[in-house]
Amino acid sequence: GYFYSRWNRCIWSSHDLSDIVFIDNYIFNKDVFIQFNSTVGKYVGYTEHGVYNAELWNNNTGQLQSERAQVETFCKY
């Protein structure tokens, strides 16, 4: 069978909340094929399929704004 998962993670190195990094991974068969990193500010594809979808998702400004807002709503909450 096939295994698809998605996990979100917040990473910080100090008590100052201004340096929090939000990471959103899309995983297929235990390999990350797309990742959103809040420090980069866009999706990055790691496979041929991931690169194709990352380009589509990066052109959707609403989706990018929603991901960028996750630092405030998901991490700092």
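The values are calculated or read from the model by the stated rules, or taken from the named source; none is laboratory data. If you're wondering where the values come from, they're calculated on a predicted model, not measured in any experiment. Backbone-built Cβ (ideal geometry, glycine too); neighbour counts: all protein chains shown. All accessible areas refer to the heavy atoms of the entire protein, side chains included, with ligands and DNA or RNA removed. Shrake-Rupley method; radii C 1.70, N 1.55, O 1.52, S 1.80 Å.
Quick notes on this one:
- Angle between the chain longest axis and helix 48-58 axis [Cα atoms, degrees, rounded to 10]: 50 degrees
- Expected 222 nm ellipticity per residue - DSSP helices of 4 or more, -39500 (n - 2.57), all of the chain, to 500: -8000 deg cm²/dmol
- Put a plus charge on the Cβ of each Lys and Arg, a minus charge on the Cβ of each Asp and Glu, and nothing anywhere else: the dipole of the range 4-76 about its Cα centre is then about 140 debye.
- If you take all other residues with their beta carbon under 12 Å from the beta carbon of Trp57, and give Lys and Arg +1 and Asp and Glu -1, the sum is -2.
- Accessible area of the chain belonging to carbon and sulfur atoms, whole % at 1.4 Å probe: 53 percent
- With every protein chain in place and a 1.4 angstrom probe, the accessible-area ranking of His15, His49, largest first, reads His15, His49.
- Extension reserve of the Arg68-Asn53 stretch, reckoned as 0.36 nm per residue once the Cα distance is removed: 3.6 nm
- Accessible surface, the chain, averaged per residue in Å² (probe 1.4 Å): 70 Å²
- Electrostatic bookkeeping for Gln70 treats Lys and Arg as +1 and Asp and Glu as -1; over the other residues with beta carbon under 15 Å from its beta carbon, the sum is +2.
- For the pair Arg6 and Tyr46 in one chain, pulling the backbone fully straight at 0.36 nm per residue adds 12.9 nm over the alpha carbon distance.
- When the Cα atoms of the range 4-76 are aligned to their principal axes, the ranges along those axes come out at 38, 28, 16 Å in descending order.
- Taking Trp57, Trp12 and ordering them by how much accessible surface each has at a 1.4 Å probe, largest first, produces Trp12, Trp57.
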